[in-house]
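Notes for the one structure printed next.
The values are calculated or read from the model by the stated rules, or taken from the named source; none is laboratory data. Quick caveat, the model's predicted, so the values are computed rather than measured. Glycine also receives a Cβ, built like all others from the backbone with ideal geometry; neighbour counts cover every protein chain displayed. Only protein heavy atoms, including side chains, enter the accessible area calculation; ligands, DNA and RNA are left aside. Shrake-Rupley method; radii C 1.70, N 1.55, O 1.52, S 1.80 Å.
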Amino acid sequence: MKHIALYSLPIRYMLIYIMLILMSGVWLFLLSQGLGCSESIIATMKNVINAPADKSIEGLVEVVTPHLFAIGTLIFVTAHFMLFSTKVSQKISLIVAMVLFVFALFDIFAYFAIAFGLVVSGWIKLVAVSSFVLLFVVMLGLVGFSL
């Protein structure tokens, strides 16, 4: 990290904070899909695939707007910490950040595909959430590696 020790403390805090945000986001998604009513996480996942919870267009817009802002800001800050890295090339940093933005948009707009009836099953939302979270964990790993 450009050999400045002061960068490592906020970056470590950010890594812990973002991991907690990601875990709570997945947890809230599962709760909104009926985790509290089901016996287990597996039953909730099957429910999401077979019959995802109905969402109105107004509800989607209400959810998408703050998520676009929050996820975009989170990726923006994390990507900038990666740009300070001396161990990870800037080309890899930029590629990971851009792909992460694409996955974030895919994750957010997967609900629209379900709401408009383009997809009957909720598998697209599970794929979108999983791919976004996995790539974000990879990005956090790169930031952690660069400390």
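Within the stretch 116-132, if we keep just the residues that are of a type in the set (A, V, I, L, M, F, W, C) and crowded, with 17+ Cβ neighbours inside 10 Å, the residue that is farthest from Gly59 (Cα to Cα) turns out to be Phe132. In the condition set (1) in contact with a Leu (Cβ under 9 Å, 6 or more places away or on another chain); (2) farther than 21 Å from Leu126 by Cβ; (3) in contact (Cβ under 8 Å) with a residue 60 or more places away in the chain; (4) not aromatic (Phe, Trp, Tyr), Leu83 is compliant with all but (3).
For the stretch 87-124, the tally of residues that are β-branched (Val, Ile, Thr) and under 22 Å from Ala51 (Cα atoms) stands at 5. Inside the stretch 86-111, can you point out the residues that are open to solvent by less than 40 Å² (accessible area, probe 1.4 Å), in a helix (DSSP H, G or I) and hydrophobic (A, V, I, L, M, F, W, C)? Selection gives Val96, Ala97, Leu100, Ala104, Ile108, Ala110.
Look at (1) surrounded by fewer than 17 Cβ atoms within 10 Å (Cβ to Cβ); (2) modelled with pLDDT under 80; (3) part of a helix (DSSP H, G or I) and you find that Ala43 fails only one, number (2).
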